[in-house]
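Trainee: Take a look at this one; I'll ask things after.
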Amino acid sequence: MERFIKISPKDNVAVATEATETIPFGHKKALCDIKAGENIIKYGYPIGHATSDIKTGSHIHTQNLKTNLSGVVEYAYRENKTSDLKKPAATFNGYLRKDGKVGIRNEIWIIPTVGCVNKTAELIQKEAQQKYGHLCDGIFCFTHPYGCSQMGEDQIYTQKILAGLVNHPNTGGVLVLGLGCENNNVDVFRPILGTYDQDRVKFLVTQSVQDEIGEAMTIIGGLAGQVSKEKRQPISAEKLIIGFKCGGSDAFSGITANPLCGRITDEITAQGGSAILTEVPEMFGAETILMDRAADAQTFDEIVAMINGFKDYYTAHHQVIYENPSPGNKAGGISTLEEKSLGCIQKGGRAKVNAVLKYGDTCRKRGLNLLTGPGNDIVSCTNMTAAGVHMILFTTGRGTPLGAPVPTIKIASNSGLAARKSNWIDYNAGKILESTNIEESAKELWQLILNVASGIKTKNEEHGYREIAIFKDGVTL
């Protein structure tokens, strides 16, 4: 294995695949003399500029590299004339719902309308899992602190996310658990769901009954009886919606794990399925690459509005747009937001961008969708789940146990992490650095995806890592 990797022929830096005396693992060295003010090039694009003269072979990081990013940028539309790749669709064994949607799990979810009934939901889940869990793929509750003391768009954010969870096809049955006096009470929340299967979605207002645990057990018992009759059947992969996320990234995330996910984006979209990218702040500095792949002028305008809207969100809260890479990112060799973003969008492959979704929206178009939302791991995973993804491919270089309500396939960017945290990691993309061709890894990962869609459990499922978090942007009463 080479000690340094040059990603693009245009690059003037290379990445260390093992630590040297002067360059830490995953960090950058200069491939030529670079003068102060000149751009540092990685992935074929600028990731910032040199703040001092840099000699060939020198370590390049935050001590001598600074971002080029500033505020809102003017963008120009260029027609995308590339043709979409088409492939025959594979099959997996999933659940066909009454409304035509497809699920890859047959679970029962308990969704609180308000944080006041969180503990009640947990007690119900524990008892119901013991009594009825064997009749389905599991009974789970997803607690949160919201649903009351919220106003305007802030409350709408909560309602849209909860509605997306209630309507998710990985659930064969749902209990919506309310208190009664909350802003987001059952009568207010029910219309947010739109058309729903009344046999599948049940409601319980705890203030209105004497024994809420007993009432809930009766309801879940009925749901479990129905859910147990559902059977897996062969389904085309064109029905799959896959979400893509990176968290705890290192310098190899953009070299191994994220480009590998890009191959999966190309595969699922070529087969007629859908892929979702989010983490808007981690598109800053690489957004024009996505804009150039817009399917049409309207989609281009929506991408621009999404990017600039999130920049406005930063400035409205008096925050610097480009102060993004975390301490863990920097320790792993990522120096600037451009560098992080260029690595991040590798997950999008080469597919056209067919749609832009607002926070809490449901995916309705095939192909690559961009979903408005922050980069925070659990907030973005929840956002994608509510948008309808069946599973999430989550790349990481530093490691995290976090899991979404849907199967979350963890992909390590380096072999050290995969070996150290085998209880977290489902697939090791680090071997791409060592011996395995990325195309062979893509075939392996695609087969793992089909296996997970057919019922094989991911590490987050095996170990019980499932949770949600909702984006809050408003006052608390």
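None of the figures in this text is laboratory data; all of them are computed from the coordinates on show. Just so we're clear, the structure is a prediction, and the values are computed from it rather than from any experiment. Neighbour counts run over all protein chains shown; Cβ positions are idealised from the backbone, glycine included.
Trainee: Using the per-residue mean of other Cβ atoms lying within 10 Å as a proxy for protection, in what order, highest first, do the peptides 419-426, 74-81, 341-348 fall?
Mentor: Highest to lowest by the protection proxy: 341-348, 419-426, 74-81.
Trainee: Can you give me the angle between helix 297-316 and the longest principal axis of the chain, using Cα atoms only, in degrees from 0 to 90, rounded to the nearest 10?
Mentor: 90
Trainee: Just how large is the dipole of segment 1-157 about the Cα centre, in debye to the nearest 20, putting +1 at every Lys and Arg Cβ and -1 at every Asp and Glu Cβ?
Mentor: So the magnitude is around 440 debye.
Trainee: With the cut-off at 1.5 for a/c, could you classify segment 335-380 from its C-alpha gyration tensor as rounded, prolate or oblate?
Mentor: Judged from the Cα gyration tensor, segment 335-380 comes out oblate (a/c at least 1.5, b/c at or above a/b).
Trainee: Which entry in (i) 0.94; (ii) 1.05; (iii) 0.99 is this structure's computed Rg/Rh (Cα atoms, Kirkwood Rh)?
Mentor: Calculated Rg/Rh (Cα atoms, Kirkwood Rh): the matching label is (iii).
Trainee: Right, next: Can you give me the long-range amide H partners of THR395? Hydrogens built in the peptide plane at 1.01 Å from N, cutoff under 5 Å, separation of 5 or more residues or another chain.
Mentor: The list, which skips near neighbours in sequence, is LYS245, CYS246, GLY247, ILE411.
Trainee: Please compare each pair in LYS86/LYS431; LYS42/LYS358; LYS202/LYS231 to a cut-off of 26 Å on the Cα-Cα distance and tell me which ones are over it.
Mentor: With Cα atoms farther than 26 Å apart: LYS86/LYS431; LYS42/LYS358.
Trainee: When the Cα centres of segment 240-319 and segment 15-84 are compared, how far apart do they sit, in Å?
Mentor: What the calculation gives is 20 Å, centre to centre.
Trainee: With charges set only on the Cβ (+1 for Lys and Arg, -1 for Asp and Glu), what does the dipole of the chain come to about its Cα centre, in debye to the nearest 20?
Mentor: Dipole size: approximately 960 debye.
Trainee: Further question on the same structure: Got a sec to turn the phi values of segment 243-255 into Karplus ³J(HN,Hα) couplings, 6.51 cos²θ - 1.76 cosθ + 1.60 with θ = phi - 60°, whole Hz, x for Gly and Pro?
Mentor: x, 10, 8, 10, x, x, 6, 10, 5, 8, 4, x, 10
Trainee: With a ≥ b ≥ c taken as the square roots of the eigenvalues of the C-alpha gyration tensor of segment 107-229, please select rounded if a/c is under 1.5 and otherwise prolate if a/b is larger than b/c or oblate if it is not?
Mentor: prolate
Trainee: Next question. I want the antiparallel fraction of DSSP beta bridges within the chain, as a percent rounded to 5.
Mentor: 35
Trainee: Could I ask something else about it? Please give the charge dipole size of segment 4-66, origin at the Cα centre, charges +1 on K and R Cβ atoms and -1 on D and E Cβ atoms. Round to the nearest 20 debye.
Mentor: Dipole about the Cα centre, nearest 20: 160 debye.
Trainee: Using modelled amide H (1.01 Å from N, peptide plane; none on Pro or chain starts), what sits under 5 Å from the amide H of THR62, excluding residues fewer than 5 places away?
Mentor: So THR62 has HN proximity to no qualifying residue.
Trainee: Using alpha-carbon positions, what is the distance between the centroids of segment 421-465 and segment 86-140, in Å?
Mentor: What the calculation gives is 23 Å, centre to centre.
Trainee: Tell me, what ³J(HN,Hα) does each residue in segment 400-406 have, in order and in whole Hz, if you take phi through Karplus 6.51 cos²θ - 1.76 cosθ + 1.60 with θ = phi - 60° and put x for Gly and Pro?
Mentor: So the J values, rounded to whole Hz, are 7, x, 3, x, 8, x, 9.
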